Amino acid sequence: MLANYLIGLREGLEASLVVVILVAYLVRSDRRRLVPRIWAGVAVAVGVSLAFGALLTFGPRGLSFEAQEAIGGSLSILAVGFVTWMVFWMARSARGLSSELRGQIDRAAGGGRTSLVVVAMLAVGREGLETALFLWAATQAATRTAQGATSTVAPLAGAALGIVTAVIVGYLIYRGALRLNLSKFFTWTGAFLILVAAGVVAYGVHDLQEARILPGLNNLAFDVSDTIAPTSWLGTLLKGTLNFSPATTWLEAGVWVAYVVPVMFLFLRQIRRNNRPSTAAAPSVPASPASPASSAS
Amino acid sequence: MPFPKRPAAPAVLCALAATTVLLASAGCTSNEPQPSADRGDGGRAKGGITVSASDDTCAVSATSAKSGTLVFEVTNDGSKVTEFYLYRADGTAIAGEVENIGPGLTRRLVVRAQPGTYTTACKPGMSGEGIRARFTVTGSGTANAGADQRLLDQAAGRYRAYVTGEVGKLLGGTKQFVTAYKAGEYDRARELYAPVRAHWERIEPVAESFGDLDPKMDLREADLAEGQTWTGWHLLEKDLWWPAGAPASKRLTDPERAKYADQLLADTRDLHARVATLKYQPDQMANGAKELLDEVATGKVTGEEEIWSHTDLYDFQANVEGARVAFDSLRPVVNTKDPALGRVIEQRFTALQKDLDRYRRGDGFVSYTDLSKAQVKRLSDSVNALAEPLSRLTAAVLV
Ligand SMILES: [Cu+2]
């Protein structure tokens, strides 16, 4: 029961965090009317995943191991691409928000409108296939044992409770995010999303290593499985939020760093620039006589 | 604007297309497992192979199966989350896995398995080495109809190990040779020349498969085309065994020596790196053995290859060894297909080697110029006697 609960919690967290932050962002930036687009993306992803799971379980054809890895891997890379794009898009329109330039926001939202659906779809769909297969396995187990063996719906209930918990955690994060002040909101959620995305990249690399498309599956940078068991509470939370794997290969670790360092740097620089003009907007120009053009620009 | 305006639509289309392609091609496998039970080698009549995993056991219902699509139904009867892995023979490469099998649940692993040895493992708690057992996949695979894929894979593996070893020794030897040559230690360089080149000659068909490297490294002066620059082993050979009547003014200068020697070493490094990525098919190996014999017949037996150093018999021996290793690697396959042919080839190899052994001197061989016409004729006959059955090897292995 507990084990299945933790699985549901982990997969639920992985899927819901990105969605929660996107919704919080739209609400904070006074674009609540765009929120339904995100739910539309989520709905499409859940529907497709369930249909897919049902088809693969009851249909005439199954999905081979290689195909599962390949689909999971490519969706992960796409998802990261979009999340990264969203983070910078949010950071840029944050500038517009703080100087109250409505026109700029709307122009930015024009570009982001369709991508909102896609980001939500990918964030959920990436985990959806895996979770759908798990849920179908659970229902099958329930029907099989109903025919006269021991436990019945316990595994399914456990997993469902886990997902519900993930949604509650997501909601709490959402409430917390709404209470932050604007610049803190952008910094924290943006930085958090970058860490999530880096975890997804590393996880995708691990999948490709398992599929033998990339080498080095057995060259571990560290293995803390004994301290942080993957099935423990801590392991579940770290995996569910940051995609942290207790046994990480060098390639995964390298890719994680190679993603986080430049992206975080660019992101923080953008945030700092956003904060600067709002205080410097007051006429503080003639500090340097060497740059008279700056007052005209 | 650092970001494109509407990246969404194309990206979605791309994702869908990729998924569709995957499903349409290799991605989907039949949900109906191949009935392995009616062949009497394990598996159940329906639903493939079952795996019952608990916290300290991993019971697989069969220890072997016929190659093709295998379905493992993994049930977690324990209390911890578990994973099930199918590893290839080396125990580390993953052929398939299912993660997140919660207590009480059954999940399915579908893999397309080639013949060979595998290891199954359940990992309760999703960590550690897991509870492992051997699993054998029998049958003929799909790549070579009628041929035993496992034997062919093993043959390719043996030959690959040989080629890798030889190209490694070639690189080490070339470094020594180049160092001596550039330092002006020409006696040492002459001593190293033939033994180092033997590593090249043993794997010549492989080296020749890189069309750009072979002429750069092994071109003879006689085969030089109009306007082509001569580089490689034989250029240095001529310099080391400078012909008596040739004008000294035409000899390489020291900077030229350094340049061509460095070039040779760089090309060898290149070869070494590229060989590491090669995969060998049985037909390439069989044809390669025949090509090596042809090399002997057209170059070594005639004394044309090493026209300045006259070390042709070293190359001769190396070509024969390379062909012999390719044949030996394929021998188990030949034994199942055409044992008579295998015996003939074996005998002729032995006879040729005996003929060649008469010209050994010390660690190496006599100079080609010491051979009489009759002796050359005799060697040539032995080569031809082997070349004929060897030319039938490819067909025997593949059909
Ligand atoms: Cu997951």
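When B:320, B:325, B:296 are checked against the criterion of being in a helix (DSSP H, G or I) and over 21 Å from the mean Cα position of the chain (by Cα), a single residue qualifies: B:296. Go over the candidates A:185, A:244 one by one and state the one that is among the aromatic types (Phe, Trp, Tyr) and more than 24 Å from residue A:125 (Cα to Cα). Testing whether each residue is among the aromatic types (Phe, Trp, Tyr) and more than 24 Å from residue A:125 (Cα to Cα) leaves just A:185.
Looking only at residues of region A:232-254 that are in contact with a Gly (Cβ under 6 Å, 6 or more places away or on another chain) and within 13 Å of the ligand (Cβ to nearest atom), we find that the one that is nearest to the other protein chains (Cβ to nearest Cβ) is A:243.
Residue B:243 - would you say it is within 21 Å of residue B:312 (Cα to Cα), at pLDDT 85 or above and of a type outside the set (S, T, N, Q)? It is true that residue B:243 is within 21 Å of residue B:312 (Cα to Cα), at pLDDT 85 or above and of a type outside the set (S, T, N, Q).
Each row is one residue, and each column tells you yes or no for (1) surrounded by 22 or more Cβ atoms within 10 Å (Cβ to Cβ); (2) farther than 28 Å from residue A:87 by Cα.
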residue: A:171; (1), (2): no, no
residue: A:180; (1), (2): no, no
residue: A:195; (1), (2): no, no
residue: A:199; (1), (2): yes, no
residue: A:233; (1), (2): no, yes
residue: A:246; (1), (2): no, no
residue: A:249; (1), (2): yes, no
residue: A:254; (1), (2): no, no
residue: A:262; (1), (2): no, no
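Scanning region B:296-312 for residues that are of a type outside the set (A, V, I, L, M) and buried (at least 23 other Cβ atoms within 10 Å of the Cβ) yields B:300, B:305, B:306, B:311, B:312. Of all residues in region A:199-220, none are farther than 19 Å from residue A:73 by Cα, within 15 Å of the ligand (Cβ to nearest atom) and assigned to a loop (DSSP other than H, G, I, E, B). Here residue B:83 clears all of (1) more than 9 Å from chain A (Cβ to nearest Cβ); (2) closer than 29 Å to residue A:2 by Cα; (3) surrounded by fewer than 22 Cβ atoms within 10 Å (Cβ to Cβ); (4) in contact with a helix residue (DSSP H, G or I) (Cβ under 8 Å, 6 or more places away or on another chain) except the condition numbered (3).
Answer yes or no as to whether residue A:21 is over 14 Å from the mean Cα position of the chain (by Cα) and in contact (Cβ under 8 Å) with a residue 60 or more places away in the chain. For residue A:21, the condition - over 14 Å from the mean Cα position of the chain (by Cα) and in contact (Cβ under 8 Å) with a residue 60 or more places away in the chain - is not met.
Restricting region A:113-136 to residues that are away from the ligand (no atom under 14 Å from the Cβ) and out of contact with any Gly (no Cβ under 8 Å at 6 or more places or on another chain), which is modelled with the lowest pLDDT? Looking at residues that are away from the ligand (no atom under 14 Å from the Cβ) and out of contact with any Gly (no Cβ under 8 Å at 6 or more places or on another chain), I get A:113. With respect to residue B:343, determine if the residue is closer than 19 Å to residue B:156 by Cβ and either at pLDDT 90 or above or assigned to a helix (DSSP H, G or I) (or both). In short, no. Taking (1) farther than 19 Å from residue A:235 by Cβ; (2) within 16 Å of the ligand (Cβ to nearest atom); (3) more than 9 Å from chain A (Cβ to nearest Cβ) in turn, residue B:107 satisfies each apart from (3). Of all residues in region A:218-231, those that are away from chain B (no Cβ under 11 Å) have Cβ atoms under 8 Å from Cβ atoms of residues that are of a type in the set (Ser, Thr, Tyr) and surrounded by 17 or more Cβ atoms within 10 Å (Cβ to Cβ), 6 or more apart or on another chain, in A:220/A:248; A:220/A:249; A:221/A:248; A:221/A:249; A:222/A:248. Among the criteria (1) more than 12 Å from every other protein chain (Cβ to nearest Cβ); (2) within 15 Å of residue A:193 (Cβ to Cβ); (3) at pLDDT 75 or above, the one residue A:85 does not fulfil is (1).
The values are calculated or read from the model by the stated rules, or taken from the named source; none is laboratory data. Given the structure is predicted, the values throughout are model-derived calculations rather than measurements. All Cβ positions, even for glycine, are placed from backbone atoms using ideal geometry, and neighbour counts span all protein chains on display.
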